[in-house]
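Working notes for the structure below.
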Amino acid sequence: MPYQTPTYQLLKELSVNENVGVHAREVEQRRQRFGANVFEEVRRASIARLFLEQVKDPMILILCAAVLISLFLQEVVDAGIILLVIVLNALIGVLQQYRSEQALQALKDMSSPKAMVLRDGEYQSIDARELVVGDLVFLQAGNIVPADLRLLETVSMRCEESMLTGESDLVEKDATLLYPQEQPIADQHNMAFMSTVVAAGHGHGIVVRCAKDSEVGKIAALLKEESEEKTPLQQRLASLSRLLGIGSVVICLLLFLIALAQGRDLLDMLLVSISLAVAAIPEGLPAVVTIVLAFGVTAMSRKNAIVRHLHAVETLGSVNVICSDKTGTLTQNRMCVSDVYCDNAYGRANRRLLEAVVLCNHAHLGSDPMGEPMELALLQHAKEAGIDVEALRRQCPQLHEIPFDSVRKRMSSVHQMPQGTRMMVKGALEQVLPRCDRLLVEGRTLRLRGEDRQRIQQACAQLARAAKRILAFADRREDGSFAEEQLVFLGFIAFIDPLREGVAESVETARRAGIDVVMITGDHPMTALAIARELQIAQGEDEVLSGAQLDALDETSLRRQIRKVRVFARVTPSHKVRIVDAFKQSGAIVAMSGDGVNDAPSLKRADIGIAMGKNGSDVCRQASDIILTDDRFETIVDAVSEGRHLYMNIQKAVLYLLSCNLGEIMALFLAIALLPSMPAPLAAVQILWVNLVTDAFPALALGVDPKEQDVMSKKPRPKKEGLFAHGMGLFTVLNGMYIGTVTLVAFRFGLQQDIAHAQTMAFMVLSMTQLFHSLNLHSLSRSLFHSHLMANRWLLLTFVFGIALQILVCTLPLAQQLLHTVSLDLISWLVVMGLSASVIAINEFARLFR
Ligand code: ATP
């Protein structure tokens, strides 16, 4: 077992040189031999599977019954057309479904985990799925372990392995351990296991087992892919369409019974009823929503927001609080040293301070700089002050480290110096200064008096008020205790981190959209407030709450105060959870961004968790609903606007489909019930045609309507608000009734000539009124004449194409035969056009009163 094997032997067995890693040319061979790092071939959408799913649809079965009845009636043409409808319907369904699944899968791939490996002697970041046995992988706090690793080196590394062991305590990792006897997983401290989380420290190890053979691979239950989730809207629509479906079937049955009582032709009416059922059941409803969502999130990914969970799209429209990180999101995270305070004055750093700057630091300069921007800025500063960074590091090797974390807000590093062992500490001033009892001034170590502390704190506050970030340094001779106490204060360094361009505008956009922007940072309250002021996030000190103040508040007082706070400073990840909870309890819908190792719980807790894709940790990404690929605040605000836009488009498509279906049911039902001596106003194939041509395409075109200009000048939509709020239910019903009525009017008018003429007129008016009505839905709030109709060319195209097609089907002889239409005279055409276009006039008129 790898945990029982010395590392040199393991490297030999797997033929890997520790300084070079696996060679690119051996990768494939290793994959063949030991297996790939994927659990099972991801089940991609296959056309065949999708087709089968379509055939299972009850609708298809009903239509097949219609084919049989037509054949029985010896209406071979009708049977052929219905068959064609079945095939076309299924084909369109399959294509749409296939494209949406592809789009969603592409998004999944974009957010899949990465691993840092050494290959061919170079560090590279690759897809974790590409790993092979023998790869040397680097781990740091926040990483999800990408395969089972035997650790080769660890620095204060601790892992969270509860998903494997059920034990929530962190497990210490130590690469130097070796076990002669067999050990349970929980006690293999020289191993890191796939899918567990590095909670602290860092290290590297060699891949010994990939996915299927890994410990987690043995727990089959964990391997199940997240089941396809349905968003709340999708669920509601699915049940709505089920309900409407049952309603339609009942109405059709009723219709059939009425027709039977009236003594109409039985089989003919059966066919009409079935066609009506097919037309009326809004089976397209959930499909349209899925397609609009899939295309919408693909568009969002092009704008740097990768949606991991579809429900986030809906929730985005309701967000009224955005909690944003400061560093890197509101600011550029391009640190630059601006001031140095040491030897009791502002000026140049002395040698001891520079040594601490270089040694208590993980970054690497060189041609391809690596590390945190603040640490890089420190190294750059030391280099400019004449220090040979690499030489100093070689001369003074590291013996021990107490790593940085956002709760301690400091780190310590112990080194073998020429004069002896020394511990160097760097961190937030409040974390370092209280641990000092001496002060270095001009090479002499003096006692640190109260007035010295005050002077240092004042100097620091002055810089913080100028929006600068401060890091304090201290050291001590190390006696083996590794205690961060009785330190010698060396000085502090201030950094400028410029604001990101465009943030202030986005904050303003959010405010106009009724969204509060809140800054959450580990930085000093004064620095945070200064930056918040520049961005117009906050004005006064009363809007700032520090982590310590937060600790002093109980849940009730926090909930009461929280909506007034705009800046949370010096907070830890656990504070963030409390902040989200308090906001939610105060009735807010919260989007929260996070990047840190321990931010996952708060991201999960927020209504929408947003992870930073560039600088965020793996755990954050995994816990998030949305990943920002550019880490910018503007992208969050853009995503909100995109979420509102998508919701509105879904709403338009749904309202359109429902009013059309209602119109169809009404026309047929009333005509048959009220005109007992007349045949049905529409032939079965005509109903199916309307369903296929004039319902589905305009609905899809409405689904890709461009964003209305005023999406961000409205208040957020209350989360519980449905699609039919603000009179939209009535709007749908009235429009449905109107469509039904004009169809009947046309039928009645056509009866002046003959049945075929009347049916043709009803058919034309029903389909064209629907096409005209799709234009009404282009904007729910504006008049059609002010709504930039040209912006949606798909809608215009379906409209023009639809009208042209309708004209063709009642003029071309072949089409006339197939769809039972006849040529119309000029007067009839004028009536058809007038009645159909009147749906626009009536809606414009109604708008005047809304
Ligand atoms: P934000 O939460 O907006 O990203 P932040 O980066 O300041 O802000 P943390 O990373 O939690 O938040 O850092 C908190 C504080 O810890 C910093 O203000 C700084 O004083 C200190 N600090 C940050 N990084 C280091 C480090 N590498 N070594 C020592 N101290 C650090």
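The values are calculated or read from the model by the stated rules, or taken from the named source; none is laboratory data. Not measured: the values here are computed from a predicted model. Because the Cβ atoms are built from the backbone with ideal geometry, glycine has one as well, and the counts that use them run over all protein chains shown.
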**Q.** Candidate set from the range 318-327 (those that are part of a loop (DSSP other than H, G, I, E, B) and touching a strand residue (DSSP E or B) at 6+ places or on another chain (Cβ under 7 Å)); member that is nearest to the ligand (Cβ to nearest atom)
**A.** Lys326
Q: Could you please find all residues in the range 513-554 being surrounded by fewer than 19 Cβ atoms within 10 Å (Cβ to Cβ) and in contact with an Asp or Glu (Cβ under 8 Å, 6 or more places away or on another chain)?
A: Gln536
Q: Answer yes or no: is there a residue in the range 448-455 that is more than 30 Å from Arg566 (Cα to Cα) and assigned to a strand (DSSP E or B).
A: no
Q. Residues of the range 496-514 being away from the ligand (no atom under 16 Å from the Cβ) and either closer than 30 Å to Pro403 by Cα or outside any helix (DSSP H, G or I) (or both), which ones?
A. Glu501, Gly502, Ala513, Gly514
**Q.** For Ala345: the one exception among (1) within 16 Å of the ligand (Cβ to nearest atom); (2) of a type in the set (A, V, I, L, M, F, W, C); (3) over 30 Å from Val198 (Cα atoms); (4) surrounded by fewer than 17 Cβ atoms within 10 Å (Cβ to Cβ)
**A.** (1)
Q. Restricting the search to the range 765-791, which residues are in contact with a Phe, Trp or Tyr (Cβ under 7 Å, 6 or more places away or on another chain) and outside any helix (DSSP H, G or I)?
A. Leu777
Q | Residue within the range 634-650 that is not in a helix (DSSP H, G or I) and not aromatic (Phe, Trp, Tyr) present | A | no
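Consider Val742 carefully, then state whether it is more than 28 Å from the chain's Cα centre (by Cα), among the β-branched types (Val, Ile, Thr), buried (at least 18 other Cβ atoms within 10 Å of the Cβ) and modelled with pLDDT of 85 or more.
yes
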Q: Scan the range 444-495 residue by residue and report those that are of a type in the set (Lys, Arg) and more than 14 Å from the ligand (Cβ to nearest atom).
A: Arg444, Arg447, Arg449, Arg453, Arg455, Arg465, Arg476, Arg477
Q. Of all the residues that make up the range 560-596, how many are charged (D, E, K, R) and within 11 Å of the ligand (Cβ to nearest atom)?
A. 3
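Tell me the residue from Leu558, Leu499 that is touching a residue at least 60 places away in the same chain (Cβ under 8 Å) and not small (Gly, Ala, Ser), please. Steps first, please.
Working: Leu558 fails: touching a residue at least 60 places away in the same chain (Cβ under 8 Å).
Leu499 is the lone residue from the list that is touching a residue at least 60 places away in the same chain (Cβ under 8 Å) and not small (Gly, Ala, Ser).
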Q.
If Arg465 satisfies all but one of (1) touching a helix residue (DSSP H, G or I) at 6+ places or on another chain (Cβ under 7 Å); (2) surrounded by 15 or more Cβ atoms within 10 Å (Cβ to Cβ); (3) of a type in the set (Lys, Arg), what's the number of the condition it fails?
A. (2)
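Rundown of residues vs (1) more than 13 Å from the chain's Cα centre (by Cα); (2) within 16 Å of the ligand (Cβ to nearest atom); (3) of a type in the set (Val, Ile, Thr), yes/no style:
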{"site": "Ile291", "(1), (2), (3)": "yes, no, yes"}
{"site": "Ala294", "(1), (2), (3)": "no, no, no"}
{"site": "Met300", "(1), (2), (3)": "no, no, no"}
{"site": "Asn304", "(1), (2), (3)": "no, no, no"}
{"site": "Leu310", "(1), (2), (3)": "no, no, no"}
{"site": "Leu316", "(1), (2), (3)": "no, no, no"}
{"site": "Arg334", "(1), (2), (3)": "yes, yes, no"}
Q) Got a number for residues in the range 5-37 being surrounded by 15 or more Cβ atoms within 10 Å (Cβ to Cβ) and not hydroxyl-bearing (Ser, Thr, Tyr)? A) 15
Q.
Which count do you get for residues in the range 478-512 that are surrounded by 14 or more Cβ atoms within 10 Å (Cβ to Cβ), under 36 Å from the mean Cα position of the chain (by Cα) and within 25 Å of Met374 (Cα to Cα)?
A. 8
Q | Given (1) over 30 Å from the mean Cα position of the chain (by Cα); (2) farther than 25 Å from Ala611 by Cα; (3) surrounded by fewer than 24 Cβ atoms within 10 Å (Cβ to Cβ), number of the condition Cys360 does not satisfy | A | (3)
